[in-house]
Amino acid sequence: MDAASKKPATKKATKKTQVGFEESLWDAANKLRGSVESAEYKHIVLSLIFLKFISDKFEGRKKAIIAEYGDEYIDMVDFYAMDNVFYLPEDARWSYIQTNAKQGDIAVKIDTALHAVEKNNKSLAGALPDNYFSRLGLDASKLSALIDTINNIDTIANQNEKTEEDLVGRVYEYFLGKFAASEGKGGGEFYIMSPSFFTNECHLHKAA
């Protein structure tokens, strides 16, 4: 009887954690208000989540390469591609973005990271935005706050998500609903990265 009474409480706590995670991300995006139009939130947030996601995958694969082959292979692109993981040079890794989040030129560093990711992975040719963050003229402190929030997201699959794509898809669907609600039915069409984009299938998703 004691075990039965504890089970619903565990589920309730898990659900609360999931909701808080998405809402905190939305709240962080809302802090960009005044710096950019709300219609830009989706592109900013999903681009940063993309960087965090592929960086987490990269770091995991890097550890596996060291364990199986040795340190001398950690910068060989083919050893990542063989496991469907994007190779990331140092200035394209999330750890680099997080370390420099408080710098005034963080927008430039993010653009540089996205460019480096595309340059080092042929399958991404033409798929990532070019100098997008620099052109927006974002408030550096607000962008830094958003980076800090995204840094707390564990994109590696856990007991709540069967795959990493499930987790990213959850964020994607939540934001899709929020953006649609904020823009209204007359908000027109917009393009955002679909969850499949995060798993080496680089496409853009068109949504109404």
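The values are calculated or read from the model by the stated rules, or taken from the named source; none is laboratory data. Remember, predicted model here, so these are calculated numbers, not experimental data. Cβ coordinates were reconstructed from backbone atoms using ideal geometry, including for glycine residues, and neighbour counts include every protein chain displayed. With ligands, DNA and RNA removed, areas are computed over all heavy atoms of the protein, side chains included. Shrake-Rupley method; radii C 1.70, N 1.55, O 1.52, S 1.80 Å.
Modelled with pLDDT of 75 or more, open to solvent by 40 Å² or more (accessible area, probe 1.4 Å) and farther than 20 Å from residue 99 by Cβ: does that describe residue 57? Taking the combined requirement at face value, the residue does not satisfy it. Of all residues in region 106-119 being open to solvent by 50 Å² or more (accessible area, probe 1.4 Å) and in contact (Cβ under 8 Å) with a residue 12 or more places away in the chain, which is farthest from residue 34 (Cα to Cα)? The qualifying residue farthest from residue 34 (Cα to Cα) is 115. Looking across 28, 67, one residue alone is small (Gly, Ala, Ser), open to solvent by 80 Å² or more (accessible area, probe 1.4 Å) and in a helix (DSSP H, G or I). It is 67. In region 70-85, the residue that is farthest from residue 107 (Cα to Cα) out of those that are open to solvent by less than 50 Å² (accessible area, probe 1.4 Å) and aliphatic (A, V, I, L, M) is 74.
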